[in-house]
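Here is the structure we will look at, set down as structure tokens.
The values are calculated or read from the model by the stated rules, or taken from the named source; none is laboratory data. This is a predicted model, so every value here is computed, not measured. Neighbour counts are summed over all protein chains in view; Cβ atoms, including those assigned to glycine, are modelled from backbone coordinates with ideal geometry.
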Amino acid sequence: MNLTSVVRGQVWLPGDAGFDTARRPWNLAIEQPVAAVVEAADAADVAALVRHAAASGLTVTTQANGHGATGRTEDTILIRTRRLDELSIDATARLARIGAGVASGRLQAAAAPHGLTGLPGSSPVVSVTGVALGGGLSWFGRAHGWVGDSVIAFDVVDASGTQRQVTVSSDPDLFWALRGGGGEFAVVTALTMKLHAAPSLYGGRVLWDLADAPAVVDAYRRIVATAPSELTVWLDLLHFPGASPMIAIDATHLGPEATARELLSPLDSLPTPLSDTRRVMTVDELGSITAEPTDPSAGLSHCELLTAFDDEVAATLLAEPIAPLLSVQIRHLGGAFAQPSDSPHGPLTEPFALYLFGLPTDPAGVLAKQAAYAKALPVSGRKPFTFLNAQEAAGDAFGAVAMDRLRSLKRQRDPHSVLRGNFPLSDLPLR
């Protein structure tokens, strides 16, 4: 496989120094077998590689930094897009042009001086493009909907190796699929996204001992019952190795500190917390709230969408220790998430997301605990695409109508399965 004659970027083959590092996904619990790794120099490199793959009966898959990996990469050429790092801000038009390798934190740092924001999640190191291709849940999704809803154009390389731009007017079907349907339809090399006003931001984490959990959960439920779309509040049950169990509330408010403190006032009557990091912050400091790891690590995750957070749900969450899980997180949704969306997910009408995370030191115990929560709580049966784990499939995220449309589009646009996403559409043969 003489890929060095096809592309100008770096190529790693099995046996090469650095190959195992180059193919490694972000989640070190996932084994990711590939035939080769190519770090594309630019979009033209991507196009040349896809043309080569199409002509040679090969398959390519794309990752910026390996988030969302499933290991379904056997015999593929893995394209790394980190060198596609273009980023420009048009503050007047409130638009950003973002290369496929740009991480969320870098976009936030560029937008912040203009009083603008993208739609970041809890981690600053995920790629903006990868999140948008999966729909994307954001701290500010209650105000502005799915991350993908803010994308107005995709620069792509299609399955024939042709570079073009996709908009709602130029190719409505492909535009729809790319706003949350994953990486099965084209390699996205850049996108253009609407930015949103963020003249002020208040946020942080308040942490208590688990003994205070009933009162904290009660306060959380009272806050979210009347929360405006500018306020997002998450509840976290935490049990880190070597530490006592704790409970936290994470919050962001797109607005003044005084308004945020009033909206969060039910917390004021709770027992004295272990810590309180809430403050006025800039939009590029959001990663400090949950302080997730910024280096690759191993983990086992599971997500569900909840149809309610009533007394029974509260009792179930607090009935027993979360161990061997590290965290049980409840994210408040609603707001703009529930509005119409021209995307495979459509409106996200479930009011809460449940995210369960543990380390693979006890995989059987972690998986059993996650399954027990999913069985005991009122779940809708579908999941956000970007939160699917390696044991799940695209059909777990989309309804039957959307899946039929996605599969039909895949057959039309990539009949020879040149492109493979993290979650291949199940009715198509793999090359």
Residues of region 213-229 that turn out to be buried (at least 18 other Cβ atoms within 10 Å of the Cβ) and in contact with a Pro (Cβ under 6 Å, 6 or more places away or on another chain), as a count: 2
Check on TYR373, within 14 Å of HIS302 (Cβ to Cβ), part of a helix (DSSP H, G or I) and modelled with pLDDT of 95 or more: yes
LEU367 modelled with pLDDT of 95 or more, in a strand (DSSP E or B) and over 30 Å from ASP158 (Cβ atoms): no
Where ASP209 falls short, out of the listed (1) out of contact with any Ser or Thr (no Cβ under 6 Å at 6 or more places or on another chain); (2) not assigned by TED's automatic domain parsing to the domain that holds ALA315: (2)
Which listed residue is at pLDDT 95 or above, in the same structural domain as GLY105 (by TED's automatic domain parsing), closer than 25 Å to GLY141 by Cβ and β-branched (Val, Ile, Thr), from VAL401, VAL379, VAL328: VAL401
Criterion: surrounded by 24 or more Cβ atoms within 10 Å (Cβ to Cβ), of a type outside the set (Asp, Glu) and within 24 Å of TYR355 (Cβ to Cβ) - qualifying residue of GLY136, GLY105, GLY99: GLY136
For LEU425: the one exception among (1) buried (at least 17 other Cβ atoms within 10 Å of the Cβ); (2) under 30 Å from LEU235 (Cα atoms); (3) at pLDDT below 95: (2)
Number of positions in region 364-389 that are buried (at least 19 other Cβ atoms within 10 Å of the Cβ) and closer than 24 Å to GLY421 by Cβ: 8
Scope region 297-317; condition under 24 Å from the mean Cα position of the chain (by Cα) and surrounded by fewer than 15 Cβ atoms within 10 Å (Cβ to Cβ); matching residues: SER297, ALA298, ALA308
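Answer yes or no as to whether LEU263 is within 29 Å of GLY130 (Cβ to Cβ), crowded, with 18+ Cβ neighbours inside 10 Å and not hydroxyl-bearing (Ser, Thr, Tyr).
When the stated conditions are applied, LEU263 does not pass them.
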Of residues in region 144-202 being in contact with a strand residue (DSSP E or B) (Cβ under 8 Å, 6 or more places away or on another chain) and at pLDDT below 95, the one farthest from LEU425 (Cα to Cα): GLY183
Lone unmet requirement of (1) crowded, with 18+ Cβ neighbours inside 10 Å; (2) over 18 Å from LEU178 (Cβ atoms) for SER341: (2)
Residues (in contact (Cβ under 8 Å) with a residue 40 or more places away in the chain and among the polar types (S, T, N, Q)) located in region 1-60: ASN27, GLN32, THR59
Of residues in region 269-284 being of a type outside the set (Lys, Arg) and buried (at least 18 other Cβ atoms within 10 Å of the Cβ), the one farthest from PHE140 (Cα to Cα): PRO273
Counted residues, region 140-197 - those being free of Cβ contacts under 8 Å to residues at least 12 places away in the same chain and part of a helix (DSSP H, G or I): 1
SER200 of a type in the set (S, T, N, Q) and buried (at least 21 other Cβ atoms within 10 Å of the Cβ): no
Test set (1) touching a residue at least 60 places away in the same chain (Cβ under 8 Å); (2) closer than 24 Å to ASP250 by Cβ - ALA96 fails condition number: (2)
Residues within region 353-364 that are free of Cβ contacts under 8 Å to residues at least 60 places away in the same chain and part of a loop (DSSP other than H, G, I, E, B), tallied: 2
